[in-house]
Each structure stands twice: as structure tokens, then as C-alpha cells.
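Just so it is clear, none of the values below were taken in a lab; they were calculated from the coordinates. Note that the structure is predicted; figures quoted are calculated from it, not measured. A quick note on method: Cβ atoms are made from the backbone with ideal geometry, for glycine too, and the neighbour counts reach across all protein chains shown.
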Amino acid sequence: MITYKIKKYILRTAALALPLWGLGGLTSCEDMMTIDTGDKAYTNAQDTLYSYLGIMRAMQDVAERQVILGEIRGDLVVSTDYTTDTLHAISNFEDPADQSCSMLKVSDYYNVINNCNFYIHNADTAAVKSNNKFMVPEYAQVKAVRAWAYLQLVKNYKEVPFITEPVSNLGIIENFDYANNLVNKDNLVDKLIEDGILQFIETPYPQYGSASDTYGKWNNGYTDIYARLLMIPIRVVLGDLYLLRGASTSDYEKAAQYYYDYLKNEASPMPMQYCTANNRGSATISYSTPNNATWGYWASTYTYSASSSEVISLIPGSANAGLGKMLTRVADIYGYTPSSSQQSEASTSTDDDGNTTTNKDANGNEVYEESGAITVTRNYKRQYGPSNAFQNIANQQTYVNYSNVTTSNPIASYIENCDARYGNSIENLTYEGVGYPLCCKAARGSAFYYTIPTYRKTLIWLRLAEAINRAGYPEFAFAILKDGVNQFTLPEVVDRYDLQIRLDANGDSIPVWNSDSTRILRYEMDTIRYRAIDHGTYGAMYYVTDTLQLQKFNAFLNFKDNVWDATYGVHARGAGRGSWTAANTGEVITNIGGYHDSIYYDYSKLLLAQGVTLGTASQEDVINAVENIIVDELALETAFEGNRFTDLVRIAEHKNASGYDGTEWIAQKIANRGTKLATSTSAAVDGYDASIYAKLKNQNLWYFSLPVWAK
């Protein structure tokens, strides 16, 4: 049973009875499907609310595996002596069979889909109340949830049956035409568009409570979770679908446009707060969290109490088993053993005037609400810990600390081998004199975080950068990482200007843009000529040579509106500290510590580290190199959250399609997850896994196997 509080009352709803066809180890198409025993027309808010909660209950069954399966196959975590055999097999790409462990039940995804299909099939979207088709917002969200579920299936299983009708009996399964109803990354977006998802892009989210409640609150027995965060933005799903396909420049442009439109129209564009690192003494680096991070850094940013929070979509868990499904397994495998408490208290309701009364049942008895809390105990017997590869990426960064960020001439100090997000993503446990690093995004200390985020704002920024890069604008993509994109940092689109090098009064060379000068320095592409962006050093100018190019500068490359003014570079979140004080001044921002530093996080230097020389390299080589930089930023920003392996697969396939050996790239990357590079204070560790390398050269092992389709 799952319990939620919405506005003035508690709604308790049992998980829908969804019996599986096929038990035990049967491997047939039947195992993939579920039956929803309810078959009613949803014509009022109470009925549909029950159904939507049923869908959320089904989502809980796939939430934790999304995180676990997405990380243990990647390069950022490694198994330990305490890893179970089944998870170890998955980590090592031994192609386990469906249902061989609780993490591998494709039927759970189809459970979500079938719940959605019943809703979509039966909901009365023409129902009107107060001249408003009040069913449509929730109907649109069910479409979004189903699209998300199919997206996850394709990312994990490559090609799956596409079923849009509710499955209510065995005959539907037996007569289903599998051969002609399969979806994969190449056709899924087209199938969903044919199904009508585009018409709901502008549909508002369903309102379960008052506007002041931000669409209503749902209570998990411990804390209120805003109902808005249980919704999945359709624009973001469409962006993911086009980015996944990546069949053409057009796909990347469409992905970029959907991400851009989401950030501009639905979300506050500014990424979440900085991670901070303090240099205490000449030889010691310690990490601190912002003052308001009561539960630790990620808890404060994974807030579920405001619509403008970093997390934009999540799956909630309950505070104890008596209240519903507890989502504790992610924390558990990372070394946090959970325990829960339970208590009862009188149920109360608050009316619109703020008056509170005690709820009573039909017999006049007081109604009691169950509540509880989950705490965790750190456990060195963790199944997975951070990999050496993750530490290598952090060691390649430099943290910049400014002693005074409010002056025009702040003094910078540099901390080598440091990205603050690394320190805030890992908590060290010492047991019997031995240190055990714990992945602490799902829990920290004794605190537990209750929800599984599916999307958060900074992830969308990084996917926007990935899409813009592949669309042919690597400088813009890098700008998202380093400086952020706004009217003060954007390159200016102008008539053709040429760069001339002149000498100033001291005899030093300076660049001067002059429309009638002789070109001395110029880089060229097919459709656009540009000076590579120095991001604040001299500014930058693009001059466009065709109308189609100009349209893109007026679309997903247009960051001149004031809504973007407070954005800053994603890399700044772990590489420097400071606060915004120069908004709307028209100046290049110089007073946010770290990210604006050009000594270390420099475009040409980072490209050179990838073996690419700016000015002589091909456009394709630059795009490939910037993509690798984005991959490292994804690691620093989203480690342990469940995206890593499918991110690597998507990017490997894009590399393959563009003429680079993505298969070799991903095989080497994951085979080296145990390898530690030497630093000034530590020796190298040879942790190369030749077996993993050989397996990942076989692209079939990038995906799980479906049950055999047999009648």
C-alpha cells in the first residue's frame, strides 16, 4: 500500500493487482506482459488520481534498477568482495537471463506501460468541468510516462515490442504481431509522434492542490513531496529521443531545440549551487558543503519542495514498508544499511482559510496517519564503490579559490587534482584503520534521501551541450561547460569581420576586429567562419554565410534574453566558488571564482590534451574531442545517478556513425575503470581488465537480452 497526502486529506491506494503471466524461470513473451485487472472509464479526478498513483507505484518497481544497472556496467564504480554473484555477473557483461535476478525483469517496465495503456484507452478526455477539459493534463502526463518507459527499454534492451493497447487477456499476447511492432533508437521517436505525443507539449501539468502548493503535495510518511516533481517533461523526453537516435545533424538540432525550450519555458535556467572545496593548509584538501545542506550537498540540491529546484522529475519512495515501497536498495549497495521507524498520529485537514480540524471516520472515530523515517548506517561491506577511473577524472581538474570574489582584482589560489563534486559525491568511512570510500548521493552519514531523481536541470544542460556539439557548434557546447551562455558571453553574429593582429603602445600583440582589414588569422568551416571563442578574453564573433545558419542562431543558439543572464558554466560547480554580482552589467563576468579562470580550463589546451590542435584540426576532430570533454563533465556531475552506461553507449554509437571507433572507445574506457593514473602524490595502479575489453567489442553485450518470443 502506498500513502500520499494531497492538500487537505490523505489518499490511500493499494497497488494495483497486476499478476504476471508465467512464473519462475519461464522465458517467453508472456513474461514481459502484465494484466491490469481494473477496467473502468476514468471520468473524474478521484478515479484518475487513483490510476496515476497506480502508475507511480509501477514506476517504483523500475526506479532503483535504473540507477543500479546504469552504474554497475559503467566506468565510475567497481565491485567489491561483497558484491552479490548476480550483480557481479551484470557488472562483467556475462549476459544474464531475464528474471535471473530482481534487477532483470523486463515485465516491470511493461507493467508501467500497461497501466498507462489502460488509462489512455479508458480516460474521457472530452469530460468538461467549468468549461475546462480537466482530464487532459493528467492524460498528457500518462503519455509522457509511457514514452519515458519505452525510452528506458530501448536504452537497455535495444529493440522491444511496441504495445499501445491495454493487455487484458492472454489472447492479446498470443495474437500480437511482434515482427512488425518493434521499436529501437531509430524509430521510437517516430512511433511516439505518430501516437500523438507532440500535441501535449504545451499542456499544463495536472493540478492536485492549490497553486501555492505547486500542484499539490504528496506525503511519503516522512516528508511532503511536491506533485509537480512526479511529472515528466515531454520536451525533455523528446530531446532524449532525438539525441539517442542521432541519425543526422537534424536530429541533434531537434534535440537541442527541445532541451533549450524546456530550460527557457519551463525551468529556471540557472544550474544549482556550487560545490565548494577549502584548502586548509599547504598539504591538506578537505571538502565542505554549503551551510544550508542539512543532509549534505546532494540532499540540498535534490530538493523535492520547490518547482524551481535542481531536480525536475523524480520517483518517490515511502518512509517504511507499511506505507508503501521503500526505495533503499541504491543506498544499500553503495554501503548504507537502512532501517526504518513507524508511528501513528491523528490525521488533520486544513481548509482554505487555514483552519485545522481532526479527521474522523463515518463512526466518529479519529483517523490516524502512519508516519516514519529511514535512517542508514554506514557499512564497509558495500557492494560497489567509486572507481579509480572516476578519481582519475577528478585528478585532472584544478579547483580555483578566490580570497575575495567581490573585488575587481580577486586573488586566486589553485588546488591541483581537485573537483569539489568528487569530494561531495564520496564519503569516507574508516573501519579498523582502513578507509572505504562510499558513493553518497543516495544517502550520507545517517541521512537517507527518499527519492530517485529521473531528471535534473544540470543533466539537461549537459545534454544540450552534447546536442549542440554534434549539431556542429563545439565552441557553444564548451561555453555551456566553462562560462555559461548569456548575452554577456555569447559570440556576436555580425557581417563578416576579419581579425588583424596589431601592436599596442607597449609593442604587445593585440587582436583587432576590422571589417576592411586583411585577414591574418582565420579558421574556416563549410557554412560558417569564426574565431574560436576565448570565452571572455577578447569576446568572439561569428559571421554567418547563409540563411539556414542564421536561423539556428535565432533558435537553439539564442541566449540573449534576460532569462539566461544568471547562468554560469557547469564546470564552475566543481572547479570554483563565488556568487553572481555582475548580472545585467554588460560586462564579461570575472568575479565568480574558478570557472572564468583561463589557465587550466582552457578550450585549446583541453583540445590539445585530446590530441587535437585548434586551427589545423578538422571540424569532425574538434567535435569528437569536445564530446570527450563533455563525457568527463558528465562523470563529475552525474556519477552514481544511473545514467553512466547508457550515456557511454549513446556516445559510442554517435562516434561510430561519425567515422570514429566508438566501440573501441567504450571498450577501453570501461576496461580501464580499475586503472589509476599516477599523480604527484600517488603511484599508478594497473587495473586494466582485458576480459571486459573483449566482451565490449561485441556490441550485443551492450544490451540485455529479452525473453524468447514464443507462443
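Please compute the alpha carbon radius of gyration of segment 119-247, then divide it by the globular-protein estimate 2.2 N^0.38 Å. Two decimals is fine. Taking N as the residue count of segment 119-247, the ratio is 1.21.
Which chymotrypsin sites (Phe, Trp or Tyr not before Pro) in segment 83-141 pass both tests, a DSSP loop state and at most 13 other beta-carbon atoms within 10 Å?
Sites meeting the loop and neighbour criteria: none at all.
Annotation: extensible slack from residue 684 through residue 170 equals 179.3 nm (criterion: 0.36 nm per residue apart, minus Cα-Cα distance). For residue 310, the residues whose modelled amide H falls within less than 5 Å of its own, excluding neighbours fewer than 5 places apart on the same chain, are 303.
Sorting 170-176, 381-387, 71-77 by their mean Cβ neighbour count within 10 Å, with the most densely packed peptide first, gives 71-77, 381-387, 170-176.
Coupling constants for segment 160-174 follow from the phi torsions by the Karplus curve (6.51 cos²θ - 1.76 cosθ + 1.60, θ = phi - 60°), and in residue order they are 9, x, 9, 10, 10, 9, x, 9, 10, 7, 4, x, 4, 5, 5 Hz; glycine and proline get x. log₁₀ I(q)/I(0) of segment 596-711 at q = 0.14 Å⁻¹, via Debye over equal Cα point scatterers, no solvent, to two decimals? Computed log10 I(q)/I(0) values: -0.75. Highest mean packing first, where packing is the average number of other Cβ atoms within 10 Å per residue, the peptides 464-477, 676-689, 601-614, 141-154 line up as 464-477, 141-154, 601-614, 676-689. Most tightly packed first, judged by the mean number of other beta-carbon atoms within 10 Å of their residues, the peptides 620-626, 122-128 read 620-626, 122-128.
The modelled label-to-label distance between residue 551 and residue 657, using points 7 Å beyond Cα along the C-beta direction, is 2.0 nm.
On the basis of the beta-carbon distance and an R0 of 22 Å, residue 224 and residue 343 show a calculated FRET efficiency of 0.85. A cut-off of 5 Å between modelled amide H atoms, ignoring neighbours fewer than 5 places along the same chain, links residue 447 with 376. Placing a label point 7 Å from the Cα of residue 380 along the Cα-to-Cβ direction, the residues of segment 430-446 whose backbone N falls under 20 Å from that point are 430-440, 444-446.
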